[in-house]
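Q: Please find one structure pasted underneath; my questions will follow.
The values are calculated or read from the model by the stated rules, or taken from the named source; none is laboratory data. Since the structure is predicted, the reported quantities are computational estimates derived from the model, not experimental observations. So basically every Cβ, Gly included, is an ideal-geometry build from the backbone, and we count neighbours across all protein chains shown.
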Amino acid sequence: MIHEKSIGTVIYYERDAVIEYLLLHYTSGHWDFPKGHQAENEIEIETAKRELFEETGLNDVEFTDRSKDKIHYFFRNPNRELVSKDVIFFLAKSKAKEVTLSYEHKGYLWLKYDDALKKLTYENARGILKRANEFLQQMKRF
């Protein structure tokens, strides 16, 4: 079995107490968060920042002190080999909404929580968004 690890970011923008989340439309058709493979000798936060910039052009972001979130799943690669994959997610606030997409994506949307939850393709991504949103709502209370 092959093991892979990717790092991603749940990125949000807040204005006038309204939070919107960035979702990317991948060329394969699904909607998800920016993420990518961790390079050798790269720490997780470096990967998150690099992948976020490569996929969206966003670099004026502030990562929260929230602990990382993680999903795990299995899939078959094009060679039909079974792959065990971990994806670590950080949470970050963007100071801008202007996105420059990479070749890996065909679109993007900034959506409020309920709309983002509906738009995400995979259930595990919806779980990531739910936990990120709960964290942000708790932070507003303090």
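Q: If you check residue 47 against the conditions, is it among the β-branched types (Val, Ile, Thr) and exposed (fewer than 14 other Cβ atoms within 10 Å of the Cβ)?
A: Working: among the β-branched types (Val, Ile, Thr): yes; exposed (fewer than 14 other Cβ atoms within 10 Å of the Cβ): no.
Answer is no for this residue.
Q: With charged (D, E, K, R) and surrounded by 15 or more Cβ atoms within 10 Å (Cβ to Cβ) as the only criterion, which of 81, 20, 4 stands out? It would help to see each step written out before you state the result.
A: Numbers: 81 fails: surrounded by 15 or more Cβ atoms within 10 Å (Cβ to Cβ); 4 fails: surrounded by 15 or more Cβ atoms within 10 Å (Cβ to Cβ).
The unique qualifying residue is 20.
Q: When you scan the stretch 25-50, how many residues do you find that are closer than 16 Å to residue 124 by Cβ and touching a residue at least 40 places away in the same chain (Cβ under 8 Å)?
A: 6
Q: What residue, among those in the stretch 56-78 that are hydroxyl-bearing (Ser, Thr, Tyr) and out of contact with any helix residue (DSSP H, G or I) (no Cβ under 7 Å at 6 or more places or on another chain), is surrounded by the most Cβ atoms within 10 Å (Cβ to Cβ)? Walk me through it before giving the result.
A: In the first step, residues of the stretch 56-78 are kept if they are hydroxyl-bearing (Ser, Thr, Tyr); the result is 56, 64, 67, 73.
Add one more test, that the residue is out of contact with any helix residue (DSSP H, G or I) (no Cβ under 7 Å at 6 or more places or on another chain), and what stays is 56, 64, 67.
Numbers: 56: 23, 64: 15, 67: 9.
Filtering first and then ranking leaves 56.
Q: Now for a separate question. Output the number of the condition that residue 53 fails; it satisfies all remaining conditions of (1) surrounded by 13 or more Cβ atoms within 10 Å (Cβ to Cβ); (2) in contact (Cβ under 8 Å) with a residue 12 or more places away in the chain.
A: Only one criterion in (1) surrounded by 13 or more Cβ atoms within 10 Å (Cβ to Cβ); (2) in contact (Cβ under 8 Å) with a residue 12 or more places away in the chain is unmet by residue 53, namely (2).
Q: Here's a follow-up. Restricting to the stretch 21-43, and then to whatever is within 13 Å of the chain's Cα centre (by Cα) and of a type in the set (D, E, K, R), can you tell me which residue is farthest from residue 113 (Cα to Cα)?
A: 35
Q: Within the stretch 54-102, considering only strands (runs of 3 or more DSSP E) that don't extend past its boundaries, which have at least 3 residues that are of a type in the set (Gly, Ala, Ser)? Can you show your working first?
A: Working: elements: 61-63, 69-76, 82-94.
Filter on the stretch 54-102 gives 82-94.
Q: Kindly indicate the residue of the stretch 1-48 that is among the hydroxyl-bearing types (Ser, Thr, Tyr) and touching an Asp or Glu at 6+ places or on another chain (Cβ under 7 Å) and also farthest from residue 86 (Cα to Cα) among those meeting that condition.
A: Narrowing the stretch 1-48 to residues among the hydroxyl-bearing types (Ser, Thr, Tyr): 6, 9, 12-13, 21, 26-28, 47.
Filter once more, so that each one left must be touching an Asp or Glu at 6+ places or on another chain (Cβ under 7 Å): 12-13, 26-27.
On the way: 12: 22, 13: 26, 26: 19, 27: 21 Å.
Among residues in the stretch 1-48 that are among the hydroxyl-bearing types (Ser, Thr, Tyr) and touching an Asp or Glu at 6+ places or on another chain (Cβ under 7 Å), the one farthest from residue 86 (Cα to Cα) is 13.
Q: Next up: Please state which one of 96, 116, 125 is touching a residue at least 12 places away in the same chain (Cβ under 8 Å), surrounded by fewer than 18 Cβ atoms within 10 Å (Cβ to Cβ) and aliphatic (A, V, I, L, M). It would help to see each step written out before you state the result.
A: Numbers: 116 fails: surrounded by fewer than 18 Cβ atoms within 10 Å (Cβ to Cβ); 125 fails: surrounded by fewer than 18 Cβ atoms within 10 Å (Cβ to Cβ).
Every option except 96 fails the conditions.
Q: One residue is enough: does the stretch 33-42 have a residue meeting the conditions touching a Ser or Thr at 6+ places or on another chain (Cβ under 8 Å) and of a type in the set (Asp, Glu)?
A: Kept after step one, since they are touching a Ser or Thr at 6+ places or on another chain (Cβ under 8 Å), are these residues of the stretch 33-42: 33-39.
Right, trim to of a type in the set (Asp, Glu) and you get none.
Checked the stretch 33-42: no residue is touching a Ser or Thr at 6+ places or on another chain (Cβ under 8 Å) and of a type in the set (Asp, Glu).
Q: Another question, if that's okay. Look through the stretch 37-68, keep the residues that are among the small types (Gly, Ala, Ser) and modelled with pLDDT under 95, and return whichever of them is nearest to residue 2 (Cα to Cα). Break it down stepwise before answering.
A: Step one: of the stretch 37-68, the residues among the small types (Gly, Ala, Ser) are 39, 48, 57, 67.
Next, only the ones that are modelled with pLDDT under 95 stay: 39, 67.
Working: 39: 16, 67: 27 Å.
The residue in question is 39.
Q: Testing residue 89 on (1) loosely packed, with under 14 Cβ neighbours inside 10 Å; (2) in contact (Cβ under 8 Å) with a residue 24 or more places away in the chain; (3) touching a helix residue (DSSP H, G or I) at 6+ places or on another chain (Cβ under 9 Å); (4) not aliphatic (A, V, I, L, M), one condition comes back false. Which one is that?
A: For residue 89, the failing item is (1).
Q: Now for a different question. Tell me whether the stretch 3-17 contains one or more residues that are assigned to a strand (DSSP E or B), of a type outside the set (Lys, Arg) and free of Cβ contacts under 8 Å to residues at least 24 places away in the same chain.
A: Keep residues of the stretch 3-17 that are assigned to a strand (DSSP E or B), which gives 3-15.
If we keep only those that are of a type outside the set (Lys, Arg) too, we end up with 3-4, 6-14.
Filter once more, keeping what is free of Cβ contacts under 8 Å to residues at least 24 places away in the same chain: none.
No, the stretch 3-17 contains no residue that is assigned to a strand (DSSP E or B), of a type outside the set (Lys, Arg) and free of Cβ contacts under 8 Å to residues at least 24 places away in the same chain.
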